[in-house]
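> Please find one structure pasted underneath; my questions will follow.
The values are calculated or read from the model by the stated rules, or taken from the named source; none is laboratory data. Owing to the predicted nature of the structure, the values given are computational and were not obtained by experimental measurement. Using ideal geometry, Cβ is built from the backbone for each residue, glycine included, and neighbour counts are taken over all protein chains shown. Heavy atoms of the whole protein, side chains included, go into the accessibility calculation; ligands, DNA and RNA do not. Shrake-Rupley method; radii C 1.70, N 1.55, O 1.52, S 1.80 Å.
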Protein chains: 2
Amino acid sequence: MTDPLALVNALDDAGYRLTAPRRSVAEIVAGRAGHFTAAEIAAEARARGIHVGRATVFRTLDALERVEAVERIDIPGGGHAYVACEPAHHHHVVCSRCGRSVEVEDGRLAALVRSIGRRTGYRIDEHRLELYGLCTACQAAPEGSR
Amino acid sequence: MTDPLALVNALDDAGYRLTAPRRSVAEIVAGRAGHFTAAEIAAEARARGIHVGRATVFRTLDALERVEAVERIDIPGGGHAYVACEPAHHHHVVCSRCGRSVEVEDGRLAALVRSIGRRTGYRIDEHRLELYGLCTACQAAPEGSR
DNA sequence: TGCTAGATGATACACAGTCTCAGGTGGATC
DNA sequence: GATCCACCTGAGACTGTGTATCATCTAGCA
């Protein structure tokens, strides 16, 4: 759950025009607790009776990613998902049952990455760490319930 | 570069039948130094004059992944790739220019993952770390050469 | 208010991956 | 070596995700 205004402002600050479809997408994104796919955003917009083209959803998520208001992650089994997040380098722990995600910051991993770089001789420019498991709520909930 | 026999044996040991298409795919996979996509394997088979269906390539790579003879990784920009590897949990450092990859083992990351689990309350079942950069050869080679 | 660059929706397209199904074949058994 | 059948195959349809194109629309500036 994020402030829709923050997303809209991020776009505005970066010089993107503030259009109705962008506001709608920002609002839906902001209302999401966990990760979501482009298709889910399009479906929710349709469910709310808002007409937003599929291409526009992709374009808007792309814009939000550029301004670092959302992050694109790979999900196990292929495909992508997005998470609304703070604009600093970090990683996500994603609940594989309910989709809720939390952010963890970078500290020790950055050191680990540097050490791997030294050991392998590679000049490491990019890394991605994604963690999947069960959030506290889903651990407590009985198996299969959702 | 892996021993094609090792891949074929891994399939055999797991109870998979040893068919001509599987041997061909195993041979092509074994001949690869870096990562590769299913499409590349299919293309190389075609180039060698071996007829292997696209579905069969996917099925064989899937089987090889099951027996842990290859690992499926996500590449930046979406899509998947595979790397032939030893059957122990580890991660890959992939050269973003030539595609060559090296394996790094797990030690400190496992500890980091545990500590993230403790901190967030998540029960972490799965994690993936992928590192991208330039290998020593590509760092030495002039920009743009391949 | 008018203008224009940038945004839009519709649509076609590309591509990866999955599924189905009729026919083929590896390998166990005799 | 012959037989048999469960498993494997290729072909091709299908699905889902993401991109490209284009005519039309509109936010926001002068």
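> Using only the heavy atoms of the protein chains and a 1.4 Å probe, how would B:His35, B:His92 rank by accessible area, largest first?
My answer, sorted largest first, is B:His35, B:His92.
> Using a loss threshold of 50 Å², tell me which positions in region B:107-140 are less accessible in the complex than in their chain alone. Probe radius 1.4 Å, ligands and nucleic acids ignored.
B:Arg108, B:Leu112, B:Ile116, B:Tyr122, B:Arg123, B:Glu126, B:Arg128, B:Leu129, B:Leu131, B:Tyr132, B:Leu134
> Suppose you put the label 7 Å out from Cα in the Cβ direction; list, shortest first and in nm with one decimal, how far B:Arg54 is from each other copy's label.
Nearest first, the other copies' label points are 1.8 nm away.
> Rounded to the nearest 100 Å², what's the accessible area chains A and B bury against each other, both chains counted, probe 1.4 Å?
Numbers: alone 9340 and 9340 Å², together 15370 Å².
So the total buried area for this chain pair works out to about 3300 Å².
> Can you tell me the convex hull volume per residue for region B:1-87, based on C-alpha atoms, in Å³ to the nearest whole number?
Details: hull volume 7.5 nm³, N = 87.
Residue-normalised Cα hull volume stands at 86 Å³.
> With a cut-off of at most 15 other beta carbons within 10 Å, and DSSP calling the residue loop, which GluC sites (Glu not before Pro) in region A:23-71 qualify? Please list them.
Details: sites: A:Glu27, A:Glu40, A:Glu44, A:Glu65, A:Glu68, A:Glu71; in loops: A:Glu68.
Filter output for region A:23-71: A:Glu68.
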